Amino acid sequence: MISNRSFTVIFFAFISAVVLLITAQRLDQWDNKASLENPSIGPTSVGAPDKGQDNAPISHGLQSLRPDHDPICDGFPDTSGILLVMKTGASESFDKLPTHLITTLRCLPDFLLFSDLDQHIAGYHVRDSLETVLNTAKDDNHEFDLYRQQKECVIDQDMCAKNIDGLQDAGWNLDKYKNIHMAEKAHRLRPGYDWYFFVDADTYISWHNLVHMLRKLDPTRPRYLGSPTVIGGHLFAHGGSGYAVSRAAMMEFAGQNPGIANKYDPQVKSVCCGDYMFAVSLNETIGITVESLWPITNGEKPSMFPFGNRQWCHAIGTMHHMSSEEVSEFWEFERKRYAQTQEPLLVKEVYHKYFEPRLVPVREDWDNYSDGWYYIDLDSPDHDWEGWRKDRSTGEENKSELQKLAHLSADDCARACDEHADCFQWAYTNECCAMKASFQLGKPVKRPHEAKERMVSGWAVAKIVQWIEAQGECREAIWPDTKP
């Protein structure tokens, strides 16, 4: 006969078996359902599947941790037809790319990463853009010393770089060889995109505005658009601001001219910049010059924006010289902002977010980049003023009584700014008072040993507030006046 104790044990064992069986069946059903809803779990297409190439995240035999549907990407614009091509260097890639991969690149279905060394970062392929440079251009060329040192490094690049003198200049000199090779490789790897948008790894992209702008333009015409810059009388699109090249231009330039980058390899050493050399090659090969997309493509970042009449109700698409911290912060700001409205992001919003909370009358050991005009004593025996400063200085006969004193102290400079109708900010150092008709935050500077060389910056706060109130609400976003 079974005792009460034995019966109790058998009863609980039976109940446990039933619970385990039901749980197993439910887990199996859930797993089957998940497989049907997420058929591509595994190596994901995000990060640019190569269609036969290897730019997709590397498979390590593990399932991808990135979900098929990322709720962060809800509301992200449709970037189909637009390929991002990002340029970096091995000495900075691990500092800059990871932040982009979890923010600005997170919702892109396709992109290409190029550097001066073949690397893999968190499963993403960073291609060596210089592997196809002519040996005759590399050999006996000290500008490729860094390239060779990076390839010879048997440990992490950061550790090897610590023993390289002048690393920043070395990276800059190497960087200029990349642009044309990147364009040629991008077309070979990803032919048929409507637009190829090239940026640096310290460039932030506001995708909503950039996509809106590019959708208005015709990619079937050979086109090259960006923020125009001049060197030696030659116009080119500033690379850090980003530039767009149309499908027709890429086909005619790279598709119909195999090896076009090698044609220009020997010339690159004699020029300063790769973005300049790319413009030269486009003009000589297919006869196009840069069209302006400014200020959609913009070379400044929030702390360096010169806010005012030229940049206020304007739509903003890119910002340059952004640190990883700034990229992350601005991405979070944009994400929350676009969750509430799909209206274009305007320059004035950047002011209200980043400058307005930090606007004060004076900051010491600070440079707000006041460079509009100057008040100096041209006859002072203590100064050998630069020609450009003299050219922007006001003659004694045209100075008011306050302006005649502006070069004597920071307080005098501030009073002269308050008097001048066009002055929104000033900066004072070493008997030089500088003013500007726009306003920007700037950055701190190291305190010098000589007290007279200390830089003090200030803002006409009341005039700035009054000007902003006078602008009122922006009736609509201002876009570049670029022909469709």
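The values are calculated or read from the model by the stated rules, or taken from the named source; none is laboratory data. Just so we're clear, the structure is a prediction, and the values are computed from it rather than from any experiment. In this analysis, Cβ positions are derived from the backbone assuming ideal geometry, glycine residues included, and neighbour counts consider all displayed protein chains.
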| All positions within segment 253-263 that are surrounded by fewer than 23 Cβ atoms within 10 Å (Cβ to Cβ), assigned to a helix (DSSP H, G or I) and touching a Ser or Thr at 6+ places or on another chain (Cβ under 8 Å) | ILE260, ASN262, LYS263
| task | Only helices (runs of 4 or more DSSP H) wholly contained in segment 324-419 count here; list those with 3 or more residues that are in contact with a strand residue (DSSP E or B) (Cβ under 8 Å, 6 or more places away or on another chain) and either surrounded by fewer than 16 Cβ atoms within 10 Å (Cβ to Cβ) or among the small types (Gly, Ala, Ser) (or both). | result | 410-419
| note | Within segment 443-484, the residues that are in contact with a helix residue (DSSP H, G or I) (Cβ under 7 Å, 6 or more places away or on another chain) and either surrounded by fewer than 16 Cβ atoms within 10 Å (Cβ to Cβ) or not in a loop (DSSP other than H, G, I, E, B) (or both) are LYS443, VAL456, GLY458
| query | What number of residues within segment 91-131 are over 18 Å from the mean Cα position of the chain (by Cα), without any contact (Cβ under 8 Å) to a residue 40 or more places away in the chain and either in a strand (DSSP E or B) or under 18 Å from PHE198 (Cα atoms) (or both)? | reply | 3
| note | The condition from (1) aliphatic (A, V, I, L, M); (2) surrounded by fewer than 21 Cβ atoms within 10 Å (Cβ to Cβ); (3) out of contact with any helix residue (DSSP H, G or I) (no Cβ under 7 Å at 6 or more places or on another chain) that ILE288 misses is numbered (3)
| request: Inspect all residues belonging to segment 253-265 and state whether any of them is closer than 24 Å to GLY299 by Cα, touching a residue at least 40 places away in the same chain (Cβ under 8 Å) and polar (S, T, N, Q). | output: no
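For (1) polar (S, T, N, Q); (2) in contact (Cβ under 8 Å) with a residue 24 or more places away in the chain, each residue gets a yes or a no:
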{"residue": "LYS390", "(1), (2)": "no, no"}
{"residue": "SER393", "(1), (2)": "yes, no"}
{"residue": "GLU397", "(1), (2)": "no, no"}
{"residue": "CYS417", "(1), (2)": "no, yes"}
{"residue": "PHE424", "(1), (2)": "no, yes"}
{"residue": "PRO444", "(1), (2)": "no, yes"}
{"residue": "GLU453", "(1), (2)": "no, yes"}
{"residue": "GLU469", "(1), (2)": "no, no"}
| note | Note on HIS234: of the conditions (1) surrounded by fewer than 23 Cβ atoms within 10 Å (Cβ to Cβ); (2) at pLDDT 95 or above; (3) not polar (S, T, N, Q), unmet is (2)
| remark: Scanning segment 132-142 residue by residue, those in contact with a helix residue (DSSP H, G or I) (Cβ under 9 Å, 6 or more places away or on another chain), part of a helix (DSSP H, G or I) and not basic (Lys, Arg) turn out to be THR136, ALA137, HIS142
